[in-house]
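The values are calculated or read from the model by the stated rules, or taken from the named source; none is laboratory data. In this text the structure is predicted, and so the values were computed from the model without any measurement. All Cβ positions, glycine included, derive from the backbone under ideal geometry; neighbour counts span all protein chains shown. The area values use the complete protein model at the heavy-atom level, side chains included, leaving out ligands, DNA and RNA. Shrake-Rupley method; radii C 1.70, N 1.55, O 1.52, S 1.80 Å.
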Amino acid sequence: MRRTSIVDLLAADAPRPGVTACGWVRTRRDSKGFVFLELNDGSCLTNMQCIVDEGTPAWAALEGVNTGASLCVRGDLVESPGKGQKWELRVHGMDVLGLADAETFPLQKKRHSDEFLRTIAHLRPRTNKYGAAFRIRSEAALAVHDFFRGRGFSYVQTPILTGSDCEGAGEMFRVTTLPAVPDTGAAPSPSGSVFDRDFFGREAKLTVSGQLEAEALALGLGRVYTFGPTFRAEHSNTPRHAAEFWMIEPEAAFADLEDNMELGESLIRHVVRHILERCEADVSLFDKFVAPGLRGDLMGLAGRDFVRVPYREAVKILKDSGKTFEYPVSFGVDLQTEHERFLTEEHFKAPVTVYDYPKSIKAFYMRLNDDGETVAAMDLLVPRIGELIGGSQREERLNVLESRIRELGQRPEDYWWYLDLRRYGTAPHAGFGMGFERLIMLLTGIANIRDVLPFPRTTGSLEF
Ligand code: 4AD
Ligand code: MG
């Protein structure tokens, strides 16, 4: 089927006779002697206005063609005399590829709620909003690769099946081929455990982060990044948490926390600029219908310096704010979304990187600061979303790392290979994880993570 995408037809600089276009009918309007069909093929937001005149061979094929039908039309691309579009397609011939029953097809021309559209996630890519969201998602992924390539980072793939819990948060999905779910309570130690009979001979999980393996790769390749799916069995039913989400995790050798902050800030600015340049029309849709002011906000993000503030100071700002938070803050307490949003939306009115968190609320691998109390951690917070990036400089000193692992009640032997990286040619290094869905929420103004993932997985939801 030799067809031209509608996005390319609409970009034509001269009339083009004899073109073929395919797509789904968004609307049909009948007039005396002709029919208007708005055709969309997903290549862009704009529909191709097609006109079928009575008497053409296409006319007979119009029978039963309604919203949702898929067509292949042949005709001439001509300048449109009507308002609202530069080009229109005068149709001569038409093949109906598939009809859509007007009684049952759920996507009739009207606005549907996000909640309803989630129940038809298989059809929502055919709506303006979701088409735009998933095109932006695609462009953002390309911009991420483009950014890292420009900075000499190698793209690496880390395993999805893992035996270790990188974040130590215990929110992992178990993977097993055993016929019955084993009772782990009955066998607390890994040796002689029920998992001896399992596929890997030990307990296996879905990864929550590729970081530990990315560190090994960075301490050989210098600069690497991963971009892949991660899994967390979080029961928190929030608009910002999914059980399956994509993470971008750069890791750089010979880098410190300062380099890490700069990398995260530049990455965000790069992707935002790319989207503003490449996804004009799609951004306009979100600016108009989903998050008024989005374009201005994104332009602001692309151009400005981000704020950096130590955790200790952030806590002081929150305490002095006079606001009553649901969760009171004090040193040693993790920041909640309400605090993060206050800092970015009300206090600084800018993205903020909070750094040097108390060690008690952060993972074992973060580098201990000289005060013995805080670690070289960073969270980059953005308006409306809160935490977009979490990362740190890594503990590169073998003895400090070992005692941190013990402090947290874990066994250094379980991390033998991770500790080897410190035993042999250790080097300062740093990295972070950026939640890709949260980035898409930032770029589109979409407020619920379920609407930036084509087929979201959250607690109690595994349809499609
Ligand atoms: O802050 P997190 O937990 O950091 C790590 O996993 C580190 N190992 C990353 C690293 O240093 N290489 O997660 C990183 C980011 C968060 O800032 C957030 O944007 C996103 O991942 N994230 C989630 N996104 C969607 N749903 C969830 N359940 C998420 N949990 C984290
Ligand atoms: Mg985090």
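Answer rounded, prolate or oblate for the stretch 355-401, using the Cα gyration tensor with square roots of eigenvalues a ≥ b ≥ c: rounded when a/c is under 1.5, else prolate when a/b is larger than b/c, else oblate. Here the stretch 355-401 falls in the prolate category.
Stretched out straight at 0.36 nm per residue, the stretch from Gln157 to Lys349 would grow longer than its current Cα-Cα span by 65.5 nm. What you get for the stretch 1-150, charging only the Cβ of Lys and Arg (+1) and of Asp and Glu (-1), is a dipole of about 400 debye around the Cα centre. Summary of packing: across the peptides 10-20, 268-278, the per-residue average of other C-beta atoms within 10 Å ranks them, highest first, as 268-278, 10-20.
The candidates Phe306, Phe455, Phe173, Phe134, arranged from most to least accessible area with a 1.4 Å probe in the full protein assembly, appear as Phe455, Phe173, Phe134, Phe306. Shape class for the stretch 7-78, computed from the alpha carbon gyration tensor (a ≥ b ≥ c): oblate, with a/c not under 1.5 and a/b at or below b/c.
Here's the picture: charge each Lys and Arg Cβ at +1 and each Asp and Glu Cβ at -1 in the chain, and of Gly42, Leu217, Phe245 the one pushed furthest to the positive end of that dipole is Gly42.
Rounded to the nearest 0.05, the FRET efficiency derived from the C-beta distance between His145 and Cys72 at R0 = 25 Å is 0.15.
Dipole magnitude for the chain: computed about the Cα centre from +1 point charges on Lys and Arg Cβ and -1 point charges on Asp and Glu Cβ, it is near 1100 debye. Within the same chain, lysines fewer than 8 places from Lys288 are excluded, and of the rest, those with a Cα less than 26 Å from its Cα are Lys83, Lys86, Lys109, Lys110, Lys129, Lys349. The relative contact order of the chain, computed from alpha carbon pairs under 8 Å that lie at least 6 residues apart in sequence, is 13 percent.
Order 404-411, 136-143 from most to least packed using the mean count of other Cβ atoms within 10 Å.
Going from most to least packed, we get 136-143, 404-411.
Taking Cβ atoms as reference points and 12 Å as the exclusive limit, the residues near Arg278 contribute a net charge of -3, counting Lys and Arg as +1 and Asp and Glu as -1.
Packing order of peptides 291-297, 394-400, highest average first: 394-400, 291-297 (average count of other Cβ atoms within 10 Å over each peptide's residues).
Rg then Dmax, both in Å and based on the Cα atoms of the stretch 301-401: 13.9, 43.
One decimal place: the segment Asp8-Gln410 gains 138.9 nm when fully extended, by the rule 0.36 nm per residue minus the C-alpha distance.
The residue list His112, His145, Thr158 was ranked by how far each Cα lies along the charge dipole of the stretch 72-175 toward its positive end, using unit charges on Cβ atoms, and His112 comes out on top. Overall, the anisotropy analysis places the stretch 318-464 in the oblate class: the square-rooted eigenvalues a ≥ b ≥ c of its C-alpha gyration tensor yield a/c not less than 1.5, with a/b not exceeding b/c. Considering only Gly409, Leu267, Leu9, the residue lying farthest towards the positive end of the dipole of the chain is Leu9, judged by Cα position with unit charges set on Cβ. Over all directions, the projected convex hull of the C-alpha atoms in the chain averages 27.2 nm² in area.
A straight chain from Phe36 to Glu103 at 0.36 nm per residue would run longer than the Cα-Cα distance by 22.0 nm.
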